[in-house]
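Novice: Pasting in a structure now, in structure tokens, and then I'll have a few things to ask.
The values are calculated or read from the model by the stated rules, or taken from the named source; none is laboratory data. The model shown is predicted, which means the values in this text are computed figures rather than measured ones. Here the Cβ positions follow ideal geometry from the backbone for every residue, glycine too, while neighbour counts run over all protein chains shown.
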Amino acid sequence: PDVQIWIRTSEHPKHCHLVIEDNGPGVSPSDLSHMFEPLVRLNNHRGYIKGTGMGLYIVQEILHQWSAGIQAEVREGGGLRMNLEIPLHS
């Protein structure tokens, strides 16, 4: 099946909310708490996901430098949802 990605944004008085979702294989709910740790590579239904295990850790560190946050959740019906909250500075 084709994996689709959706991106939505909304602006609030003090922050921008960015939501990135897909309908891919997703991750196990037990992996959510570990996926932002350095050198963590998650397992999916086909085995280990390729990569260094640094991507989400680096994204999280950059967002922390901006006083921003990121949170992952399993989508109902499959896939993953990433919620980013980025402060707006004048």
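Novice: Give the residue that is modelled with the lowest pLDDT, with candidates limited to residues of segment 14-24 that are surrounded by 15 or more Cβ atoms within 10 Å (Cβ to Cβ) and closer than 18 Å to L56 by Cα.
Specialist: G24
Novice: Would you point out which residue out of Q60, Q71 is at negative phi, part of a strand (DSSP E or B) and not β-branched (V, I, T)?
Specialist: Q71
Novice: Further, regarding this structure: Name, by its number, the condition in (1) of a type outside the set (A, V, I, L, M, F, W, C); (2) outside any strand (DSSP E or B); (3) within 12 Å of the chain's Cα centre (by Cα) that does not hold for H89.
Specialist: Only one criterion in (1) of a type outside the set (A, V, I, L, M, F, W, C); (2) outside any strand (DSSP E or B); (3) within 12 Å of the chain's Cα centre (by Cα) is unmet by H89, namely (3).
Here is a yes/no grid of residues against (1) touching a residue at least 60 places away in the same chain (Cβ under 8 Å); (2) more than 10 Å from the chain's Cα centre (by Cα):
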site	(1), (2)
D2	no, yes
I7	no, yes
P25	no, yes
D31	no, yes
L39	no, yes
T52	no, yes
E73	no, no
G78	no, yes
L84	yes, no
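Novice: Another question, then. In this structure, does E11 turn out to be loosely packed, with under 14 Cβ neighbours inside 10 Å and either free of Cβ contacts under 8 Å to residues at least 60 places away in the same chain or in contact with a Cys (Cβ under 7 Å, 6 or more places away or on another chain) (or both)?
Specialist: The answer is no for E11.
Novice: For segment 50-90, which residues satisfy the criterion of being of a type in the set (D, E, K, R) and within 22 Å of E21 (Cβ to Cβ)?
Specialist: Selection gives K50, E73, R75, E76, R81, E85.
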